[in-house]
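The values are calculated or read from the model by the stated rules, or taken from the named source; none is laboratory data. Because the structure is predicted, anything quoted here is derived from the model rather than measured. Counting neighbours? That spans all protein chains shown, and the Cβs are built from the backbone with ideal geometry, glycine included. SASA here: full protein model, heavy atoms, side chains in, ligands and nucleic acids out. Shrake-Rupley method; radii C 1.70, N 1.55, O 1.52, S 1.80 Å.
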Amino acid sequence: MFLSWKNWGYSKHQKGIFKIEELKKSNHKIMLYILILILLISVPLSLLWYNYYSFKKEQKPFVEDYLSKSNNKLPSFEEKSLDGNVFTEDDYSMPFMDIKIFNPYNDERIALFVTGGSGQKNKAYLYKDREFKDIAKELSLEGLDEAAYSMVALDIDNDGIKEVVIGYGSAVYMQKFNNEREQYEKAIKIADVPDAAIAHDIAFADTDNSGFQDLFVSTFVDKKHFTSAVYHDKTNKRANLFLINNGDGTFTNKAEEAGLGIVENTYLSQFVDINNNGKQDLVLAMNTNTGYIYENLGNGTFKPHKLPIDNGFWMGLSVEKITDKTDKYHILMSNVGKSFPSFLLRGDLKKEEKFDAEYALLEQIDGFTFKNVTKEKNLYSNVFGWGLQFVDLNNNGRKDAVLTENYIKFPVGFHKKYPSKGKVFMQDVNGKFAMLQDELKLLNPHFGYRVINYDLTGNGFQDVIIGNVDGPVKIFYNNGI
């Protein structure tokens, strides 16, 4: 069939209309995609803005009140950077690390130990006159061919010489110091960790008053088997180790017999005599769980006492008497804050189970009874936190608090583009805390994982040392007030 000129013109006109309509539809789709993209970008940025400024507004009255008092003196800090643990992705390694001050030659000389990640060596920085020299190689402490996560120095066999104990992904190893050669001997395995686990932290104490130091090894599932926000599935968790010192340089895992057969991804533990009866109790920061203190009953067993917090991402831990006028302990623990909406973090929790995203400051009432005074004392953060430490920064008899923050696994490198710089809270005479890291210039815009304190310079003021997973180790020399 042939079209007439008239019909052909009409057909051409209709095709033009169809093309215009298709173009309009295409433009509508493009506009819709642009709108969705704007929403995807603007919503998290708006939440970030609101989180940052609302928290700063909350803190303003405490800051102003602290600074208005003439007897509240602020110390000054001088910053120095060292090479750090730059996280290297592989199938098993987690973005974790440790830093410790120790005496490498078992004399008055001190050094800073920094664990090495996957494909990296451990570092041991000998300190002298505000300078650090890495002597790990000459000490034979560069480590094994795998990531290291934890380190302690202690006298295992009571011979007056401290050994170095390092927790790796596969096992816990000990290295004994050789006085003649002035270096450490070959690493000896003292305990395996469970399959697909890492030795994240090591705490030690003479738990049975035998005269020998025992070890509690906090374990965490490795990267390949890790699933976030899992509270009830034990296949995603690993058994912690309680290693009893046999007195001959060897250890036996007595976790089950001691009532410490805890199958949880545990970040940190701390031995503290909570009830002042001469027996070392155990406080734990367990990820995707609630909080517990394990009372040392003195017969080789421990009894759990629940802390007044709910299921959360408990990570950092510091247990101290926070003034020189009290015998009461305070427990400070870090959490995720408002980094993510809570509904994304509930995981497999049941509807009736509570989720807790806030940091926790717990005050001892008596014995193993604590109350939550986090908001009352104003010691908490709004973002993802890790290491924290109570430390008296201005020598006024009241302990302050240093908190490290950020997270290397935030989407699209979010913590690098919009980092928190960590937080420092100074304790006022009324027991409340004021956020003053900007005024102190004690700032760390990296993925801060561990924080410790030590008077490196001998001037009587505590210096602050922060271990970063994705950046340099930061030394903040405290020059006093």
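Numbers below:
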item: Nearest-0.05 FRET efficiency for K441 and D65, computed from C-beta distance (R0 25 Å); result: 0.75
item: Equivalent-ellipsoid semi-axes of the chain, from the Cα gyration tensor, Å, largest first; result: 47, 28, 25
item: Paramagnetic label zone (point 7 Å from Cα along Cα-to-C-beta, D310; backbone N under 16 Å) in the range 342-365; result: 342-361
item: Histogram of C-alpha separations across the range 275-422, 10 Å bin width, %; result: 11, 37, 33, 16, 3, 0
item: Among 51-61, 279-289, 232-242, the order from most to least packed when residues are scored by Cβ within 10 Å on average; result: 279-289, 232-242, 51-61
item: Solvent-accessible heavy-atom area per residue, rounded to whole Å², over the chain at 1.4 Å; result: 47
item: Cα convex hull volume per residue for the range 365-481 (Å³); result: 130
item: Net charge of Cβ neighbours under 12 Å - reference S170; Lys, Arg +1; Asp, Glu -1; result: -4
item: Within the range 327-421, trypsin sites (Lys or Arg not before Pro) in DSSP loop having at most 14 other beta-carbon neighbours inside 10 Å; result: K328, K350, K351, K354, K409
item: Rg in Å to one decimal, and Dmax rounded to a whole Å, for the range 350-413 via C-alpha atoms; result: 15.3, 47
item: Charge dipole (the range 79-196, unit charges on Cβ, about Cα centre) - positive-most of M174, Y127, A148; result: Y127
item: Degrees separating the helix 5-67 axis from the principal Cα axis of the chain, which is the longest one; result: 30
item: Neighbourhood net charge (14 Å Cβ-Cβ; Lys/Arg +1, Asp/Glu -1) for G316; result: -3
item: Semi-axis lengths, Å, the range 400-460, gyration tensor of Cα atoms, sqrt of 5 times eigenvalues; result: 25, 15, 10
item: Positive-end extreme of charge dipole, the range 178-247 - chosen from Q213, A197, N240 (charges on Cβ); result: A197
item: Convex hull per residue volume in Å³, alpha carbons only, for the range 72-154; result: 146
item: Separation of alpha-carbon centers, the range 293-328 and the range 68-127, rounded to whole Å; result: 26
item: Per residue convex hull volume, Cα atoms of the range 126-264, in Å³; result: 144
item: Kirkwood Rh in Å, taken over the range 298-352 so that all alpha-carbon pairs contribute; result: 14.6
item: Contour excess over end-to-end distance, with Cα ends at T235 and K354 and 0.36 nm allotted per residue; result: 40.6 nm
item: The range 183-336, accessible surface, carbon-and-sulfur percent (1.4 angstrom probe); result: 47
item: Counted charge near S210, where neighbours are those whose Cβ lies closer than 14 Å (Asp, Glu -1; Lys, Arg +1); result: -4
item: Cα centre as origin, Lys/Arg/Asp/Glu Cβ charges: the chain dipole, Debye; result: 3160
item: Net lengthening on full extension, L74/N178 (0.36 nm per residue, minus Cα-Cα); result: 33.1 nm
item: Portion, in percent, of the accessible area of the range 57-181 that falls on carbon or sulfur, probe 1.4 Å; result: 46
item: Helix-only [θ]222 nm of the chain, DSSP H runs n ≥ 4, -39500 (n - 2.57) each, per residue, nearest 500; result: -5500 deg cm²/dmol
